[in-house]
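The values are calculated or read from the model by the stated rules, or taken from the named source; none is laboratory data. For clarity, every value in this text was computed on a predicted model and none was experimentally measured. Counting neighbours? That spans all protein chains shown, and the Cβs are built from the backbone with ideal geometry, glycine included.
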């Protein structure tokens, strides 16, 4: 049975993505996510850092909001108010269940209950995005299990309540498999509650398009930076733990746009940004010099 608690009302519009985020599709991830949302199937995004997982969630929140708004305007769907809130939580090792669900706080009027971000998303009927979910404590992630099956409920032990998720609610989580070990990985009982979308770096042409748009750098330098990213990622076979993300290439592009010499921009954004190993730094610098002589 669903019950209501005395919680601070935070306008869901606060979380609505109003402007279209720039996103370049690399496969059929948009169609798969839309299908998952229609069926309310939780989604797991996995891939290296800087491959657009968070931007993808923002884009899908916007895109689905447009569809919901059109449906509401046409009065074909009375279950939605025409928007899809997005609540993002950056997970970390100290994240507790109370951080997600809520807690009691003291103020001048006494004790009151404050809903956490997960609870607000459940009640508002939006997307709750748990970024790097494996960083959270395992006893914390267990609370999401009832939200990822036919029950679609959230238990708030401190209130003695079980809340049914609003119709529009969807749980999305992400993590980077390359950073994980046996101690920090998704339990099978959690993993198999999601459909999974794998993200990787885009091809050189798409990456150049992204770099040019996000950094404002000219097309020629954007193409060179995209080529640089591909070559550096090949160094992963020679001791580099993580290749150059699209994000650091965008940072280099922004510095180049501001008049910083290309090789220096790449040094501070890419070389020094992704490794502290002197030998690998020298290897990266050699690649930079070959592309930006």
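Selection of strands (runs of 3 or more DSSP E) fully inside segment 110-197 by the criterion of at least 3 residues being in contact with a helix residue (DSSP H, G or I) (Cβ under 6 Å, 6 or more places away or on another chain) returns 127-131, 153-156, 170-175. What do you reckon, is residue 110 at positive phi, surrounded by fewer than 22 Cβ atoms within 10 Å (Cβ to Cβ) and more than 16 Å from the chain's Cα centre (by Cα)? Yes, satisfied. When restricted to residues that are at pLDDT 80 or above and in a helix (DSSP H, G or I), segment 48-92 contains 18. Does residue 27 meet the test of being touching a strand residue (DSSP E or B) at 6+ places or on another chain (Cβ under 9 Å), in a loop (DSSP other than H, G, I, E, B) and either in the same structural domain as residue 147 (by TED's automatic domain parsing) or modelled with pLDDT under 85 (or both)? Criteria met by residue 27.
Checking the stated criteria, residue 208 turns out not to satisfy the condition of being in contact with a strand residue (DSSP E or B) (Cβ under 6 Å, 6 or more places away or on another chain) and either surrounded by fewer than 18 Cβ atoms within 10 Å (Cβ to Cβ) or not assigned by TED's automatic domain parsing to the domain that holds residue 62 (or both).
Cβ-Cβ contacts under 9 Å between residues 6 or more apart (or on different chains), taken from a first residue in segment 213-238 that is on the phi > 0 side of the Ramachandran plot to a second residue that is part of a helix (DSSP H, G or I), are listed as 216/253; 216/254; 216/257. Answer yes or no: is there a residue in segment 98-105 that is in a helix (DSSP H, G or I), in contact with a strand residue (DSSP E or B) (Cβ under 6 Å, 6 or more places away or on another chain) and over 18 Å from residue 188 (Cα atoms). Checked against the condition, which is being in a helix (DSSP H, G or I), in contact with a strand residue (DSSP E or B) (Cβ under 6 Å, 6 or more places away or on another chain) and over 18 Å from residue 188 (Cα atoms), segment 98-105 yields at least one hit. Filtering segment 158-170 to residues that are touching a residue at least 24 places away in the same chain (Cβ under 8 Å) and either over 20 Å from the mean Cα position of the chain (by Cα) or over 16 Å from residue 116 (Cβ atoms) (or both) leaves 158, 159, 161, 162, 163, 164, 165, 166, 167, 168, 170.
Within 25 Å of residue 37 (Cα to Cα) and assigned by TED's automatic domain parsing to the domain that holds residue 43: is that true of residue 157 in this structure? Judged against the criteria, residue 157 is not a match.
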